[in-house]
1. Can you bin every Cα-Cα distance in the range 38-126 into 10 Å intervals starting at zero and give me the percent of pairs per bin, rounded to whole numbers?
2. Which of the trypsin sites (Lys or Arg not before Pro) found in the range 33-100 are loop residues per DSSP with 12 or fewer other Cβ atoms within 10 Å of their Cβ?
3. Testing the spin-label approximation: label points 7 Å from Cα along Cα→Cβ at R58 and Q115. State their distance in nm.
4. Take the Cβ-Cβ distance between E94 and T41 as r, set R0 to 22 Å, and report the resulting FRET efficiency rounded to the nearest 0.05.
5. As a test question: what accessible area, to the nearest 10 Å², does Y87 have when a 1.4 Å probe is rolled over all protein chains in place?
6. Across the range 66-74, in residue order, what do the Karplus-derived ³J(HN,Hα) couplings come to in whole Hz, using 6.51 cos²θ - 1.76 cosθ + 1.60 with θ = phi - 60° and x for Gly and Pro?
7. Straight-line reach from K99: which aspartates and glutamates have a Cα under 14 Å away, not including same-chain ones fewer than 8 places off?
Amino acid sequence: MTRSPAATVAMVAILFVLFVSAYGSAGAMVGGRTEVTDVKTNEEVQDLGKFSVEEYNRSLKHGGNGELTFVEVVEAQRQVVSGIKYYLKISATEKGATKVFESVVVVKPWVHSKQLLNFGPSASIE
């Protein structure tokens, strides 16, 4: 069976649309970071911010400075890796002063795990 060039072009166009639909919007790359748009109301993201601060405070028990008090996550991005990697900007208080910190957390829901990879003061000026 032979196909006309128009039928071949139509088939390629349909496959392209299906591919883009299956792997997110045209602006998002598979494996790339995507913004979390509902940060303030996203319960999972806020819980991960609190988890990050708690893990940081736990590490201080072994010779750190003052503890932090979680306020809220102010920005977040997610990236699909072998799990979901979250890049968070967290507002927290330290000795009464509010500061912004950055954290990276990997969540693997299928094994019920989350791991704090990095936590520290934000380099950006807020």
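The values are calculated or read from the model by the stated rules, or taken from the named source; none is laboratory data. As the structure is a computational prediction, the values presented were derived from the model and not from experiment. So basically every Cβ, Gly included, is an ideal-geometry build from the backbone, and we count neighbours across all protein chains shown. Just so you know, the surface numbers come from the protein's heavy atoms only, side chains and all, with ligands and any DNA or RNA stripped out. Shrake-Rupley method; radii C 1.70, N 1.55, O 1.52, S 1.80 Å.
1. Percent of pairs per bin, in order: 17, 52, 27, 4.
2. K61, K95
3. Reported label-point gap for R58 and Q115 is 1.4 nm.
4. With R0 = 22 Å, the Cβ-Cβ based efficiency is 0.30.
5. Accessible area, nearest 10 Å²: 40 Å².
6. x, 6, 9, 10, 5, 10, 5, 7, 9
7. Within the straight-line limit of under 14 Å, K99 reaches these aspartates and glutamates: E67, E72, E75, E126.
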